[in-house]
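A short worksheet on the structure shown next.
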Amino acid sequence: MPEATTTESSALAPQIQAYLQRSSWIRKMFETGAELKARHGVDAVCDFSLGNPDLSPPDAVFEALEDLARRDQRFGYMPNAGYPEARAALAAFLSQEQGVPVSDQDVILTCGAAGALNSFFRAVLEPGDEVLCPSPFFVEYGFYAENHGGKLHPVPTNPDDFSLDLDAVAAAVGPKTRVVLINTPNNPSGRVYAQSELHALAELLRSKSRETGRTIYLLSDEPYRFLTFDGHPVPSLLPLYPHTVVVSSFSKSLALAGERIGYALVNPTMPGKAELLAGLTLTNRILGFVNAPAIGQRLMQKALGAQVDVQLYAQRRTAMAEVLEGANIPFFKPQGAFYFFPKAPGGDDVAFVQALQEELILAVPGRGFGTPGYFRLAFCVDETVIRRSAEGFKRAAAKFK
Ligand code: PLP
């Protein structure tokens, strides 16, 4: 029997084909990194490309794991919003952290912050809706918005310190705006938005919501809230704007990124919050997450309040700043999270990242975060690796003088 033939060149959906094409140079950079490691040995390469915490989870996580292993534990389906006792414990923790009373009914447990973002977009976006986001931004946001018929609308920040450009936000808000998404402390810029900026943003959204006749949600993605430097506070948005939703996870604070445990917190004072929470519980289920992982919920519940050793990140930040200063590369010193986002010497981020690769240093070009002309360094690596890269940075930067 003749084989079935097809005229399609690929069975992929055109949108996914286009994504693959667009991100092909990023893939190429990662492939080059892998080749360099294979050729020169892993230890010879200084890899600052990945935001994957290298630190061990705190002891509380291992104690919780041992405890779980000893119990006659069930791991079956549960209510889609999560175990009631895990939600209650999280609500008590968030009441402290956010400085407002949060009840167990205000939170749902999700598969990481990524799962919370997708569940939220699925619940509120209509086809063609826009999600405004200050740039630079975590690159997955664009995919998540498009997963649910929305579109990411990047808005520039002030180029020297990545603070919010409120005039740019005001100019960008239109009838299609459904969500303003901020990430503080920020990946990749290291910016922590100040109380005054957030207050002004909340005022702006209030007046724009009135003007457009449509609720604009403020979505705050906060997986790095635990990690700030020099005592920098991370103001809560909940008292500032009723239509706020906070999403976060324990990927970085408990070094549990692979265990996929996070949450969405709906502002306890939001009008109509029960409907949004019901929507989120449903979307969490029907997107195929069903519920957050059972073990992750138990670990989170028992380890709440513990965190990785942030002092180590502070030392690494100092080391990275010294390396960049030594190479005369201008940068904004991160106030939080574990990234630097310096200006690329010569102005071409891809060319500079390639020059770094020649020195066996891996970084990510700023255009991967919607902001060409910069590059990102993740300093969740050992301090010795950071110090070892110093001469390579100097040689690479000297090529663009
Ligand atoms: N948001 C930001 C800003 C991130 O940097 C990350 C991961 O690096 C995520 C969300 C997703 O994290 P997770 O889904 O592991 O919580």
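The values are calculated or read from the model by the stated rules, or taken from the named source; none is laboratory data. Since the model is a prediction, treat every value here as computed from it, not as a measurement. Cβ placement follows ideal geometry from the backbone for every residue including glycine, while neighbour counts extend to all protein chains displayed. In case anyone asks, the SASA skips ligands and DNA or RNA and just uses the protein heavy atoms, side chains included. Shrake-Rupley method; radii C 1.70, N 1.55, O 1.52, S 1.80 Å.
Numbers at a glance
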quantity	calculated
Phi-based couplings in Hz for the range 127-144 (Karplus 6.51, -1.76, 1.60; Gly and Pro marked x)	x, x, 5, 10, 10, 7, 8, x, 9, x, 9, 5, 4, 5, 3, x, 5, 4
Computed [θ] at 222 nm, helices only, for the chain once each DSSP H run of length n ≥ 4 contributes -39500 (n - 2.57)	-12500 deg cm²/dmol
Cβ-derived FRET efficiency at R0 22 Å, Glu383 paired with Val42, nearest 0.05	0.80
Proximal aspartates and glutamates relative to Lys37, as straight alpha-carbon distance under 14 Å, when same-chain residues fewer than 8 apart are discounted	Asp47, Glu358, Glu359
Rotationally averaged projected area of the chain (alpha carbon convex hull; nm²)	23.8 nm²
The range 59-303 - percent of accessible surface contributed by carbon and sulfur, probe 1.4 Å	53 percent
Surrounding net charge for Ala91, when Lys and Arg each add one and Asp and Glu each subtract one, Cβ distance under 9 Å	-1
For Leu362, solvent-accessible area (1.4 Å; no DNA, RNA or ligand), Å²	10 Å²
Set Lys28/Lys399; Lys252/Lys333; Lys208/Lys273; Lys252/Lys394; Lys343/Lys394; Lys252/Lys273 screened for pairs whose C-alpha atoms are more than 26 Å apart	Lys252/Lys394; Lys252/Lys273
Nitroxide proxy distance, nm - points 7 Å out along Cα→Cβ at Ala351 and Glu126	4.7 nm
The chain, relative contact order [Cα under 8 Å, separation at least 6], %	23 percent
Cleavage-rule hits, chymotrypsin sites (Phe, Trp or Tyr not before Pro), the range 40-125, DSSP coil, Cβ neighbours within 10 Å at most 13	Phe75, Tyr77
Accessible area of the chain divided out per residue, in Å², using a probe of 1.4 angstrom	43 Å²
When the convex hull of its Cα atoms is projected in every direction, mean area for the range 6-160 (nm²)	16.9 nm²
